[in-house]
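**Q** First the structure, which I've put down as structure tokens, then a few questions once you've had a look.
The values are calculated or read from the model by the stated rules, or taken from the named source; none is laboratory data. Quantities reported herein were computed from a predicted structural model and do not represent experimental measurements. Please note: Cβ atoms are built from the backbone with ideal geometry, for glycine as well, and neighbour counts cover all protein chains shown.
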Amino acid sequence: MINRRSAAVLVCILAAATGSLCACSKGKDRAASQSSLPAATRASVEEAVSAYEAVREALADDRSDVTAESQALADAARRGTAGAPEPLRHPLEDLSGAADRLARVESGDLDAAREAFGELSRTLIALLSKDPSLQEGRYVYECPMVDGYKKWVQVSEGTSNPYMGSKMLECGTEAGF
């Protein structure tokens, strides 16, 4: 009898074996040039995504001390709310709050950091989903083995799983926004 975790491992193995770990974002029609986001808002989002990527890379490398990166992300999101279009204000506030919570996770508690990262990912994906131009150059992956929120954002193709780290770094499939 196969339990849920064993089934998820099997899915990852089959996905890797069949090459279905694709980056389907390649063919997406992007609308960056059509975006009407204020430059300051876009700059804050870019800064937040950069800090998020640093957190994701640390967790993929099994490092839990992400306080500085999380705080930088929270600060960037807070700055982005000033002058942001109405549809982005609440997602930016949520992103800032989630980053603050991750920054408060005790260093060395990798499981807690990964759990808080899940909520951070949920808020970032919600933000990026509000404006297609913010999705350019970003890929959303999903890990079937994670309890809780299963998705994350990367700025490069190829799975680098922050939830499983060195145990199963390449486990995940393209999920889209």
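**Q** Within the stretch 119-141, how many residues are under 13 Å from Ser70 (Cα atoms) and either surrounded by fewer than 17 Cβ atoms within 10 Å (Cβ to Cβ) or of a type in the set (Gly, Ala, Ser) (or both)?
**A** Here is the first cut: in the stretch 119-141, the ones under 13 Å from Ser70 (Cα atoms) are 119-121, 124.
Next, only the ones that are either surrounded by fewer than 17 Cβ atoms within 10 Å (Cβ to Cβ) or of a type in the set (Gly, Ala, Ser) (or both) stay: 121.
The qualifying residues number 1.
**Q** Glu157 is checked against (1) assigned to a loop (DSSP other than H, G, I, E, B); (2) modelled with pLDDT of 95 or more and fails just one. What number does that condition carry?
**A** (2)
**Q** Only one of (1) assigned to a loop (DSSP other than H, G, I, E, B); (2) out of contact with any Cys (no Cβ under 8 Å at 6 or more places or on another chain); (3) in contact (Cβ under 8 Å) with a residue 24 or more places away in the chain fails for Asp147. Which number is that?
**A** (3)
**Q** Val153: under 27 Å from Ala43 (Cβ atoms), surrounded by fewer than 23 Cβ atoms within 10 Å (Cβ to Cβ) and touching a residue at least 24 places away in the same chain (Cβ under 8 Å), yes or no? Spell out how you get there, then give the answer.
**A** Working: under 27 Å from Ala43 (Cβ atoms): yes; surrounded by fewer than 23 Cβ atoms within 10 Å (Cβ to Cβ): yes; touching a residue at least 24 places away in the same chain (Cβ under 8 Å): yes.
The answer is yes for Val153.
**Q** Being over 20 Å from Gly137 (Cα atoms) and among the hydroxyl-bearing types (Ser, Thr, Tyr) is the filter; apply it to the stretch 42-67 and report the residue that is surrounded by the most Cβ atoms within 10 Å (Cβ to Cβ).
**A** Of everything passing the filter in the stretch 42-67, Ser64 is surrounded by the most Cβ atoms within 10 Å (Cβ to Cβ).
**Q** Tell me, yes or no, whether the stretch 105-113 has at least one residue that is part of a loop (DSSP other than H, G, I, E, B), of a type in the set (A, V, I, L, M, F, W, C) and crowded, with 16+ Cβ neighbours inside 10 Å.
**A** Step one: of the stretch 105-113, the residues part of a loop (DSSP other than H, G, I, E, B) are 105-109.
Filter again for of a type in the set (A, V, I, L, M, F, W, C), leaving 105.
Filter once more, keeping what is crowded, with 16+ Cβ neighbours inside 10 Å: 105.
Scanning the stretch 105-113 turns up at least one residue that is part of a loop (DSSP other than H, G, I, E, B), of a type in the set (A, V, I, L, M, F, W, C) and crowded, with 16+ Cβ neighbours inside 10 Å.
**Q** Kindly provide the set of residues from the stretch 138-163 that are over 16 Å from Ala54 (Cα atoms) and of a type in the set (A, V, I, L, M), ordered by number.
**A** Met145, Val146
**Q** In addition: With respect to Arg122, is the statement that it is at pLDDT 95 or above, in contact with a Phe, Trp or Tyr (Cβ under 6 Å, 6 or more places away or on another chain) and part of a helix (DSSP H, G or I) true? Talk me through it step by step, then tell me what you get.
**A** Working: at pLDDT 95 or above: yes; in contact with a Phe, Trp or Tyr (Cβ under 6 Å, 6 or more places away or on another chain): yes; part of a helix (DSSP H, G or I): yes.
Spelling it out, Arg122 is indeed at pLDDT 95 or above, in contact with a Phe, Trp or Tyr (Cβ under 6 Å, 6 or more places away or on another chain) and part of a helix (DSSP H, G or I).
**Q** Can you name every one of the helices (runs of 4 or more DSSP H) wholly within the stretch 1-92 that holds 1 or more residues which are modelled with pLDDT under 95 and charged (D, E, K, R)? Spell out how you get there, then give the answer.
**A** Values: elements: 4-18, 39-60, 67-81.
Of the helices (runs of 4 or more DSSP H) lying wholly inside the stretch 1-92, those with at least 1 residues that are modelled with pLDDT under 95 and charged (D, E, K, R) span 4-18.
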